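Peer 1: Sending over a structure as structure tokens; questions will come in a sec.
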Amino acid sequence: MSGSPSLTAPLVVALVDDDDDLRTATAQLLSLAGHEVRPFAAAAPALAAIDDSFPGVVVTDVRMPGMSGIELFRALVGRDAELPVILITGHGDVEMAVSALKDGAWDFLSKPFDPDALLAAVARAATARALAMENRRLRTLAEESAADELVGQSPAIRRLRTTLPVVADADLDVVLEGETGTGKQLLARLIHRASRRNRHRLVTLDCAVLPAAAEDAAFDAHGAISRAGRGTLFLDNLDRADERLQHRLAQFVERRAVALDTRDPVPVDARIIAAVDEGGRSRVLPTLFHRLAAVTLRLPPLAERPEDVPLLVAHFLAAQGGGRSQSARAPSDLAHLTGRRTWPGNVRELEMAVARAALGLDEAAPVSADLPLPERVRAYEQALIVDAVTRAGGEVSRAVDLLGIPRETFYYRVKRLGIDLKRLRGAPGAG
């Protein structure tokens, strides 16, 4: 995605330890592993230097003079709950570290720690941090785009966003072309809203379901055309109108008047926006199409702008408001949607898929090697825990033994990964 931070960039580690020798040795270990290390000899200067824009991971000793590592952790997560903090503990601090783990600490290691264990913990935490920062960027872009509702950062959407106010102000008739579900109705609303006619109605006429009027002289499409006076008339599915209706619409476009119950035609000052499917212009009478097509805008299918899919997912999740119990899921939890390459129904299909997924009404797709590393790591951890619980017949003690991790760590991971233990216990093979 253009302009997005790399999820595989060198990892930043803030290392906090008052022991000069240990801090130097640990910094060297992390640096040799390719990480950018920012060392601190005390918690206070680390706290002053780390804010919610910090892109990396914090590794801190627990026992330090002045502010302890636990106090530093609580202050940092108070600013940013998604910041991974790894605690280095002495033997007597394990109980304190487990308590911090329940409160959101990423992990803890007991002294003397295995260097490989530290590097593994840092790598997992750093990929999660990179993904969290990317999700924030997507949410910010979604909020910015929501102002005009034309969501996306692909070149095609950027051009449409730039063109839209110019077209709206020109007060010319417009033809919108695009596949089903690309957002032609939305674009018509945005053009009307940005135009000088926005104080008057936008009237939609669905040409696909409208039968031709019985008498030519009284044609007003059931009053829709006259109601659009001084506003905008949106002819949806124009390419699906029958030939008789197209002839009558062509007459209206040329005369801008309708015959009601009076002898003389009644003028209708309406701007016209028409929508046709991709390639549908061949099904529109040339006399009608060319009178309407002062401006032609094409909405690209999602297949031509895959970089917009994660942003659209974030936008649709935000639009749901988080009022439902399962709707506050991050875009990373819907990796099976962002990883898909084809959306035949385009934006409309994606919106419905996000709504179903946020309500827990779909099943996540199998882990794909095409997914970015952070999604694969998360999915892999989920799969390990789900498999262990299933093989243990739903018994947490047995699952913990199979995984070889402390019970507290197990529950923390279950919560972090959003795993429904109750549902797993009722699954086939889980007792």
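Peer 1: In nm, to one decimal, how far is the Asp21 label point from the Arg159 one, both placed 7 Å along Cα→Cβ?
Peer 2: Calculated label separation equals 6.6 nm.
Peer 1: In whole angstrom, note down how far apart the Cα centers of segment 43-74 and segment 263-300 are.
Peer 2: Centre-to-centre distance over Cα atoms comes out at 63 Å.
Peer 1: If I stretch the segment between Leu109 and Thr296 completely, what's the gain in nm (0.36 nm per residue apart, minus their alpha carbon distance), one decimal?
Peer 2: Numbers: separation 187, 0.36 × 187 = 67.32 nm, distance 6.23 nm.
Extra length from Leu109 to Thr296 when fully extended: 61.1 nm.
Peer 1: Can you give the FRET efficiency for Asn198 and Met352, using 1/(1 + (r/R0)^6), R0 = 25 Å, r = Cβ-Cβ distance, to the nearest 0.05?
Peer 2: E between Asn198 and Met352, to the nearest 0.05, is 0.30.
Peer 1: Grab the Cα-Cα distance for Leu119 and Asp206, subtract it from 0.36 nm times how many residues apart they are, and report the gain in nm with one decimal. Walk me through the intermediate numbers first.
Peer 2: Details: separation 87, 0.36 × 87 = 31.32 nm, distance 6.08 nm.
Full extension of this stretch gives 25.2 nm more.
Peer 1: A follow-up question, please. If we count every other residue with Cβ under 14 angstrom of Asp19's Cβ, Lys/Arg +1 and Asp/Glu -1, where does the sum land? Walk me through the numbers on the way to the answer.
Peer 2: Working: positive: Arg23, Arg63, Lys111; negative: Asp17, Asp18, Asp20, Asp21, Asp61.
Local charge sum for Asp19: -2.
Peer 1: Hey, rough spin-label estimate for Leu186 and Lys102, points 7 angstrom out along Cα→Cβ, what's it come to in nanometres?
Peer 2: If labels sit at Leu186 and Lys102, their model points lie 4.4 nm apart.
Peer 1: Roughly what would the spin-label model give for Val396 and Lys415, points 7 Å off Cα along C-beta, in nm?
Peer 2: 1.1 nm
Values in this text are rule-based calculations from the coordinates and carry no lab data. This structure is a prediction, so every number in the text was calculated from the model and none was measured. All Cβ positions, even for glycine, are placed from backbone atoms using ideal geometry, and neighbour counts span all protein chains on display.
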